[in-house]
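Novice: If you scroll down you'll find the structure; I have some questions about it.
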Amino acid sequence: VIDLGRYLFFDPILSGDGSLACSSCHDPELGFSDGKRRAVGIHGQTLERSAPSLWNIGFFQRLLWDGSKASLEEQMLGPLYSELEMGNTPGNLIKTLNDNDAYRALFAKAFGADSIGLDMVYEALTAFESSLISLNSRFDFYAHGAHNALAPSELEGLNVFRSFVSRC
């Protein structure tokens, strides 16, 4: 199921017009984020916020910048179906995937079902996202006691991030 979720995550088939994948805003080269001040959605529309990193997202109990979502399944409905983000609809998404022989075969192998359901799409995507676990970053080493793992400028940034002034 995780592998199926990985395929979906990197495939623009999930967007309404086939132009954006989840990875368009959650780029592995950028820490599964977008590296931008404000993300860019379907048709080049600038969004109100940036795309957060997905590293360790399976451990989070509250999601989105405002903590308004309690599960990955609940959270993913926003970007998938927002006219500004991926611009799809549940009906179009299921039709597109069920019309694709490769995905029907992959879903049959993963779920043993003849047709693809929305719950299966959500489960596969969240399985992949939950597998994104960072254990060996320089910050991880620092957090586990290797105090020289971060450069002085990175420590300054961390201190600002943790400070009462920035409230991050």
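The values are calculated or read from the model by the stated rules, or taken from the named source; none is laboratory data. What you see is a predicted model; the values in this text were computed from it and never measured. When we count neighbours, we look across all protein chains shown, and the Cβ atoms used for this are built from the backbone with ideal geometry, even at glycine. Remember, those area values only see protein heavy atoms, side chains included, never the ligands or the DNA or RNA. Shrake-Rupley method; radii C 1.70, N 1.55, O 1.52, S 1.80 Å.
Novice: Since Asn159 meets every condition but one in (1) modelled with pLDDT under 95; (2) part of a helix (DSSP H, G or I); (3) farther than 20 Å from Gly16 by Cβ; (4) open to solvent by less than 60 Å² (accessible area, probe 1.4 Å), which condition does it not meet?
Specialist: (4)
Novice: Provide a single number: the residues in the stretch 60-77 that are assigned to a loop (DSSP other than H, G, I, E, B) and touching a Phe, Trp or Tyr at 6+ places or on another chain (Cβ under 8 Å).
Specialist: So the answer is 0.
Novice: Collect the residues in the stretch 20-70 that are surrounded by fewer than 14 Cβ atoms within 10 Å (Cβ to Cβ) and small (Gly, Ala, Ser), keeping them in residue-number order.
Specialist: Gly35, Gly44, Gly67, Ser68, Ala70
Novice: Separate question: Which of the residues spanning the stretch 78-102 are touching a residue at least 24 places away in the same chain (Cβ under 8 Å), in a helix (DSSP H, G or I), of a type outside the set (Val, Ile, Thr) and open to solvent by 40 Å² or more (accessible area, probe 1.4 Å)?
Specialist: Pro90, Asn92
Novice: Among the listed residues Ile116, Ile133, identify the single one that is part of a loop (DSSP other than H, G, I, E, B), among the hydrophobic types (A, V, I, L, M, F, W, C) and at pLDDT below 95.
Specialist: Ile133
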